[in-house]
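Worksheet: one structure, shown below.
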Amino acid sequence: MKPKFIFNDHRIIDEFCNLRCKYCGGFYPSEFSLSFNDDKTIKMPVCWNNRIQSNQNFSKRIPLRPKISDFFNLSKGVLSEVDKITDYKILKLSGGEIFLYNDIVNFVKSISKNYTAIQLLTNGLALTAEKIDQLAELGNVYFQISLDGVSGETNFARNGNNQVVEKIMENIGHILKKGMGLEINCVLTKYNTGLFERMLEYFKGSKNFVIMPRPVRGEPKNTLNFNKDQVNSFKKAVIDNYETHSDILPPKQYLERLIYMMEKEHRNWNCYIPFYVMGVNNYGDVNTCTCTDDLPALGNIFDNAKNISKVFEKYENYTPTSRLKPCSYCITQYEMINLYTDGLISKTEMQKIPSFKIHGVMETIDEIKKKLIDLGMVK
């Protein structure tokens with residue numbers, strides 16, 4: 001029997017983006033800028049060419065002068081191999097920015113029937129009403145959008161241009177109008193933490209929608225971090241006034257953990273995410289954890305699938321009680337799974353998040369949780 005997961009967090013063409021967010025380690029600064037040669041191949045930087053040439057596994061699967069279609073074909077090959085050894089409910093697609101490429105809609109159409117649901121992570125800028133309408137027709141596609149505020153001021157760490165923010169908000173409005181599930185990734189910085197209530201007021205009453213705040217981390221934290229007064233304002237908005245906006249916020253237990261980490265600058269609870277969420281990049285590298293790139297890969301799906309499968313089956317890829325350096329100041333939307341696994345939130349609370357409303361997801365979570373309990377990993 002194949003090992004089961006909830007998410008396959010799959011990155012497609014993660015080299016390119018249309019924003020340069022100040023806290024994004026992958027793209028700020030970046031050698032990658034999407035431009036094309038006369039034959040429609042992409043102008044790739046020397047660092048990418050060196051990476052491909054130095055790895056025989058990569059060089060035989062993608063040309064040194066690739067077209068966009070080459071990356072989509074490579075992605076289909078990766079997914080085909082992953083699907084042979086694992087079973088998961090939700091395929092999450094991200095980049096880079098996946099809506100830089102018009103063919104992303106056709107790509108999603110071509111694979112949508114293979115999965116219970118597909119979640120699309122985007123900054124929302126390159127979306128259009130037409131693309132949203134086409135994806136809505138598939139019936140199993142929903143969105144995760146990165147947005148830090150509803151104005152240029154509060155969204156400054158991503159893009160402080162009011163016109164850019166207005167365009168993203170327009171697309172969010174269309175997604176909500178179509179009734180598609182929407183989760184907002186909101187990174188808390190000195191620009192938005194103290195003004196978080198503005199975002200809550202704007203989206204008040206939205207359906208099948210949740211805002212998932214998390215703190216800025218890594219090296220950008222040194223220049224973008226919030227101060228104590230801003231944390232207190234945030235706490236008042238999401239804890240003291242929780243009931244006012246509870247319909248668009250995650251369970252209070254998530255927010256309490258978030259604030260603890262913001263104040264204490266570390267986490268002191270277990271993490272089970274790698275047992276529920278697997279991840280693979282466009283080249284077939286399977287991640288130890290999808291929340292950071294600082295941990296070693298388990299291997300490559302094209303040449304190490306049997307070994308990767310054995311790791312999954314034996315549950316040897318992670319120790320929940322470990323305090324690895326990249327994990328010591330980390331909390332994401334997947335923290336909901338940790339809370340549920342430790343029995344701190346209910347199934348109803350889990351299903352405040354669109355991902356966990358999807359048919360069969362909670363049943364699979366319960367199945368994985370039982371296995372962790374049986375193995376003595378959960379007390």
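Among Phe226, Phe209, which is more than 20 Å from the chain's Cα centre (by Cα), open to solvent by less than 50 Å² (accessible area, probe 1.4 Å) and not acidic (Asp, Glu)?
Going through Phe226, Phe209 in turn, just one is more than 20 Å from the chain's Cα centre (by Cα), open to solvent by less than 50 Å² (accessible area, probe 1.4 Å) and not acidic (Asp, Glu): Phe226.
Taken over the range 2-43, residues that are free of Cβ contacts under 8 Å to residues at least 24 places away in the same chain and more than 19 Å from the chain's Cα centre (by Cα) amount to 9.
With respect to Ile248, determine if the residue is at pLDDT 95 or above, out of contact with any helix residue (DSSP H, G or I) (no Cβ under 6 Å at 6 or more places or on another chain) and open to solvent by less than 30 Å² (accessible area, probe 1.4 Å). So Ile248 does not fit the description; no. The residues on offer are Leu135, Leu125, and the sole one that is open to solvent by 20 Å² or more (accessible area, probe 1.4 Å), over 17 Å from Ile12 (Cα atoms) and either part of a loop (DSSP other than H, G, I, E, B) or in contact (Cβ under 8 Å) with a residue 40 or more places away in the chain (or both) is Leu125.
Inspect the range 46-55 for any residue being open to solvent by less than 20 Å² (accessible area, probe 1.4 Å) and farther than 18 Å from Ser146 by Cα and give the result as yes or no. There is at least one residue in the range 46-55 that is open to solvent by less than 20 Å² (accessible area, probe 1.4 Å) and farther than 18 Å from Ser146 by Cα. Exactly one residue among Arg198, Arg257, Arg267 is in contact (Cβ under 8 Å) with a residue 40 or more places away in the chain and touching a Cys at 6+ places or on another chain (Cβ under 9 Å), and that residue is Arg267. Given the criteria within 23 Å of the chain's Cα centre (by Cα) and assigned to a helix (DSSP H, G or I), does Met199 qualify? So Met199 fits the description; yes. Evaluated against (1) at pLDDT 95 or above; (2) of a type outside the set (Gly, Ala, Ser); (3) touching a helix residue (DSSP H, G or I) at 6+ places or on another chain (Cβ under 9 Å), Tyr272 falls short on exactly one condition, (1).
Each residue in the range 324-366 was checked for being touching a residue at least 40 places away in the same chain (Cβ under 8 Å) and either farther than 18 Å from Glu256 by Cβ or acidic (Asp, Glu) (or both), and 14 of them qualify.
Among the residues making up the range 182-194, those that are touching a strand residue (DSSP E or B) at 6+ places or on another chain (Cβ under 6 Å) and either open to solvent by less than 10 Å² (accessible area, probe 1.4 Å) or part of a helix (DSSP H, G or I) (or both) are Leu182, Glu183, Ile184, Cys186, Leu188. Going by the conditions given, is Leu19 modelled with pLDDT under 95, open to solvent by less than 50 Å² (accessible area, probe 1.4 Å) and either among the polar types (S, T, N, Q) or assigned to a loop (DSSP other than H, G, I, E, B) (or both)? Yes. Right, Val105: farther than 25 Å from Cys289 by Cα, of a type in the set (A, V, I, L, M, F, W, C), assigned to a helix (DSSP H, G or I) and out of contact with any Gly (no Cβ under 8 Å at 6 or more places or on another chain) or not? Spelling it out, Val105 is indeed farther than 25 Å from Cys289 by Cα, of a type in the set (A, V, I, L, M, F, W, C), assigned to a helix (DSSP H, G or I) and out of contact with any Gly (no Cβ under 8 Å at 6 or more places or on another chain).
The values are calculated or read from the model by the stated rules, or taken from the named source; none is laboratory data. As the structure is a computational prediction, the values presented were derived from the model and not from experiment. Because the Cβ atoms are built from the backbone with ideal geometry, glycine has one as well, and the counts that use them run over all protein chains shown. Surface accessibility is based on the protein's heavy atoms, side chains included, excluding ligands, DNA and RNA. Shrake-Rupley method; radii C 1.70, N 1.55, O 1.52, S 1.80 Å.
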